[in-house]
Amino acid sequence: MNLPNKLTLFRVFLIPFFVVFLLLDDQNPAFKWIALVIFVVASLTDLLDGKIARKYNLVTNFGKFMDPLADKLLVCSAMICLIDLERIPSWVVLIIIAREFIISGFRLVASDNGVVIAASYWGKFKTTFQMIMVILMIANIPQLSLLTTIVMWIALALTIISLVDYLVKNKDVMRE
């Protein structure tokens, strides 16, 4: 159990605390800020674990499996809570989650065929904008509502573009 894997597990460990504080937002105004801090810390561990794993050659099969799963759990948990808080339309979240399922299934088929599908720049931009969107929606600052909406549309567009990019670049995987 190396440091990157511990950071990944720490991210997973933070998710229930994040969800509780976010959903109790209406109980105490400080809770949304606690949820925001937890989300930002969890997001930063994602950045950190990958950099450490690559820099010090600490990449493991556990990390390859758990790191993307932890990211999906964090972001999807946040967006589902934000539906409940009426800060994001459910159809946007459905598209984003559907993309994650499609890509995960696609990667599974590819791995069965001995093909590794690396993360693309579109996927990385998508993740960045989704995290910025979630941060803005958690903060829920009225003066930033237009910016929040614009970032949501960009995140949604990047979600679709990255899906199409993965499918087009790896279309041969599905032909077999």
Worksheet item: What angle do you read, to the nearest 10 degrees and between 0 and 90, between the alpha-carbon axis of helix 90-112 and the longest principal axis of the chain?
Response: 20 degrees
Item to complete: Using the structure shown, select from K72/K171; K51/K169; K32/K169 the pairs with a Cα to Cα distance greater than 32 angstrom.
Response: K32/K169
Worksheet item: Which value, in Å² rounded to 10, gives the accessible area of D71 with a 1.4 Å probe and all protein chains present?
Response: 30 Å²
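Which value in deg cm²/dmol, rounded to the nearest 500, describes the helix-derived mean residue ellipticity at 222 nm for the chain, given -39,500 (n - 2.57) per DSSP H run of n ≥ 4 and division by the residue count?
Taken over the chain, the calculation gives -28500 deg cm²/dmol.
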Worksheet item: If you stretched the chain out fully between S145 and F13, how much longer would it get, using 0.36 nm times the residue separation minus the C-alpha to C-alpha distance?
Response: 44.5 nm
Worksheet item: Where does helix 29-55 land angle-wise versus the long Cα axis of the chain, in degrees 0 to 90, nearest 10?
Response: 20 degrees
Worksheet item: Roughly to the nearest percent, how much of the accessible area of the chain is carbon and sulfur, given a 1.4 Å probe?
Response: 71 percent
Response to the item:
Compactness summary of the chain: radius of gyration and Dmax from Cα atoms, Å, are 16.8, 54
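Rolling a 1.4 Å sphere over the protein heavy atoms, what is the accessible area per residue of the chain, to the nearest Å²?
That works out to 57 Å² per residue.
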Practice prompt. Using a 1.4 angstrom probe on the protein heavy atoms only, line up I138, I102 by accessible area, largest first.
Written response: I102, I138
Fill in: For the chain, built as a Gaussian network whose Cα springs stay under 10 Å, the top-fluctuating residue of V151, V40, V109
V109
Item to complete: Just report the Cα centroid separation between the stretch 92-118 and the stretch 123-159, whole Å.
Response: 22 Å
Worksheet item: Using only Cα atoms, what Kirkwood radius does the stretch 5-87 have, in angstroms?
Response: 13.2 Å
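How high is the relative contact order of the stretch 20-176, in percent, with contacts defined as C-alpha pairs under 8 Å that are six or more residues apart?
Relative contact order of the stretch 20-176: 26 percent.
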Worksheet item: Of L163, L36, M152, whose Cα points farthest to the positive end of the dipole of the chain (charges on the beta-carbon: +1 Lys, Arg; -1 Asp, Glu; origin at the Cα centre)?
Response: L163
Fill in: Fully extended contour minus Cα-Cα distance, from W91 to S104, at 0.36 nm per residue
2.7 nm
Discussion item. From the Cα trace of the stretch 106-176, what convex hull volume per residue do you get, rounded to a whole Å³?
Written reply: 71 Å³
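Give me the extension gain from I83 to K64: residue separation times 0.36 nm, minus the current Cα-Cα distance, reported in nm with one decimal.
Length difference between fully extended and current span is 3.9 nm.
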Worksheet entry | Fluctuation leader among P29, P68, P16 - the chain, Gaussian network, Cα springs under 10 angstrom | P29
Item to complete: Rank these residues by their accessible area, most exposed first, probe 1.4 Å: M66, M1, M79.
Response: M1, M66, M79
Discussion item. Loop only by DSSP, 14 or fewer other Cβ within 10 Å of the Cβ. Give me the chymotrypsin sites (Phe, Trp or Tyr not before Pro) in the stretch 52-103 that pass, ordered by residue number.
Written reply: Y56
Worksheet item: Among A78, A35, A139, which one moves the most in a GNM of the chain with springs linking Cα atoms closer than 10 Å?
Response: A139
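The values are calculated or read from the model by the stated rules, or taken from the named source; none is laboratory data. All values derive from a computational prediction rather than experimental measurement. Backbone-built Cβ (ideal geometry, glycine too); neighbour counts: all protein chains shown. Please note that ligands, DNA and RNA were not included when accessible areas were found on the heavy atoms of the full protein model with its side chains. Shrake-Rupley method; radii C 1.70, N 1.55, O 1.52, S 1.80 Å.
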